[in-house]
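Enquirer: Below is one structure. I have some questions about it.
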Amino acid sequence: MSVPGGDAARTGGDTRFKRLDAAMRRQQYRADALLEVLHAAQELFGFLPEQVLAHVARGLALPLSRVYGVASFYNLFRLAPRGRHDCTVCLGTACWVAGGRDLLAGLEEAHGAGPHQTTPDGQLSVGVVRCIGTCGLAPVAILDGEIAGGQTRDSLLRRVKGWRAP
């Protein structure tokens, strides 16, 4: 059985779509397997572009709005490619109160990328999480996987400054 709409014309001959079709087939095209299928899609493509979301919606016989809603709800999923470097700001209660929103505003002002966005040069992705469980270090940012506590707008901007070409 092949996924509806899984033809080469619609997917541009990209073999990753065949592997995504196989992942949906393993899940028996069940709508309740949406999270598992989105995980597989993101592993294959690195993020979830609109064409991939539409392919999943057709394959699982779901409205595109539901697939997009799930993909955009969970922080795990990315709707745009990651940049070379990643800065994720914690916006949990402790970090919010300690200035997490100011960290995020500083990144957006200085680099033009807000939550879940990547700078046009592809060098910096900005993310947000609701809590990473290091409340005693608030406000916290995760810089290329390294937790940096006690950040201020200035200290965070200094740390990411070298990530982008002048």
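Enquirer: Please state which one of Leu44, Leu53, Leu20 is within 26 Å of Thr119 (Cβ to Cβ), part of a helix (DSSP H, G or I), open to solvent by less than 30 Å² (accessible area, probe 1.4 Å) and touching a helix residue (DSSP H, G or I) at 6+ places or on another chain (Cβ under 7 Å).
Expert: Numbers: Leu44 fails: open to solvent by less than 30 Å² (accessible area, probe 1.4 Å); Leu20 fails: within 26 Å of Thr119 (Cβ to Cβ).
So the residue among Leu44, Leu53, Leu20 that is within 26 Å of Thr119 (Cβ to Cβ), part of a helix (DSSP H, G or I), open to solvent by less than 30 Å² (accessible area, probe 1.4 Å) and touching a helix residue (DSSP H, G or I) at 6+ places or on another chain (Cβ under 7 Å) is Leu53.
Enquirer: Looking at (1) assigned to a helix (DSSP H, G or I); (2) closer than 19 Å to Lys18 by Cβ; (3) open to solvent by 30 Å² or more (accessible area, probe 1.4 Å); (4) not aromatic (Phe, Trp, Tyr), find the lone condition where Leu38 falls short.
Expert: All conditions are met except number (3).
Enquirer: Take the stretch 96-151 and flag every residue that is within 20 Å of Arg78 (Cβ to Cβ), part of a loop (DSSP other than H, G, I, E, B) and open to solvent by less than 10 Å² (accessible area, probe 1.4 Å).
Expert: Within the stretch 96-151, Ala113, Gly114, Thr119 meet the criteria.
Enquirer: Among the residues of the stretch 58-70, count how many are touching a Phe, Trp or Tyr at 6+ places or on another chain (Cβ under 9 Å) and either buried (at least 17 other Cβ atoms within 10 Å of the Cβ) or assigned to a helix (DSSP H, G or I) (or both).
Expert: Total satisfying the criteria: 3.
Enquirer: With the requirement that a residue be buried (at least 17 other Cβ atoms within 10 Å of the Cβ) and closer than 19 Å to Met24 by Cβ, what does the stretch 71-87 give you?
Expert: Within the stretch 71-87, Ala71, Phe77 meet the criteria.
The values are calculated or read from the model by the stated rules, or taken from the named source; none is laboratory data. Every value quoted in this text rests on a predicted model; they were computed, and no experiment measured them. So basically every Cβ, Gly included, is an ideal-geometry build from the backbone, and we count neighbours across all protein chains shown. Heads up: the accessible areas ignore ligands, DNA and RNA and are worked out on the full protein's heavy atoms, side chains in. Shrake-Rupley method; radii C 1.70, N 1.55, O 1.52, S 1.80 Å.
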